[in-house]
Amino acid sequence: MSHDNGVAIVISCSDGRLEDTIARLRELLKQKSYPSLNSETALYRIQVPGPDGILLGMRGEDHKKVLLDDIALLIEKANATSFVFIPHCECAGCQVSDEAHADNCVQAVDILNQEFSLPVVSLLDKKVGDVWQLEVIAEKF
Ligand SMILES: [Zn+2]
């Protein structure tokens with residue numbers, strides 16, 4: 001099977017308010033020109049409560065290890081070629097300030113890139129009025 005558009009692992013929160021995140025992500029990717037990551041890229045999803053808290057080890061090394069193992073599985077078995085990391089504001093699973101979530105996005109890019117040597121874009125899902133909006137915080141390609 002060929003994947004001209006790449007395969008990305010999208011790591012986001014299990015919060016049901018964000019069920020349209022993928023549709024909004026695809027719209028955003030139409031305006032970007034990342035290598036092997038565009039609006040047609042095949043996506044695998046990992047949804048956990050407070051993904052930034054887990055990846056940064058705030059809930060302990062056991063939780064972090066499960067997440068890293070799931071990622072390694074998708075890289076090996078699904079030939080994933082990039083990451084999209086999307087924590088969000090007002091997160092029950094990682095209760096920190098909006099500024100701290102943004103800082104977590106920056107750290108997540110470094111952690112994922114160093115662990116797996118794949119490109120990463122990290123976006124923060126922010127509530128503006130009643131509308132959730134994705135903001136690119138950090139990227140490494
Ligand atoms: Zn959440």
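Only the coordinates and a few stated rules stand behind these numbers; no lab work does. These figures come from a predicted structure and were not determined experimentally. Here Cβ is always computed from backbone atoms with ideal geometry, including for glycine, and neighbour counts include all displayed protein chains.
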Q | Hits in the range 51-96 (condition: within 16 Å of the ligand (Cβ to nearest atom), under 14 Å from the mean Cα position of the chain (by Cα) and assigned to a helix (DSSP H, G or I)) | A | Pro51, Asp52, Gly53, Ile54, Leu55, Leu67
Q) Mind checking which residues of the range 1-38 are among the β-branched types (Val, Ile, Thr) and within 16 Å of the ligand (Cβ to nearest atom)? A) Val10, Ile11, Thr21, Ile22
Q: From (1) among the aliphatic types (A, V, I, L, M); (2) in a helix (DSSP H, G or I); (3) away from the ligand (no atom under 16 Å from the Cβ); (4) over 19 Å from Val136 (Cβ atoms), pick out the condition that doesn't hold for Val109.
A: (4)
Q: Go through the residues of the range 25-40 one by one and say whether even a single one is surrounded by 16 or more Cβ atoms within 10 Å (Cβ to Cβ), under 21 Å from Ala138 (Cβ atoms), within 15 Å of the chain's Cα centre (by Cα) and among the charged types (D, E, K, R).
A: no
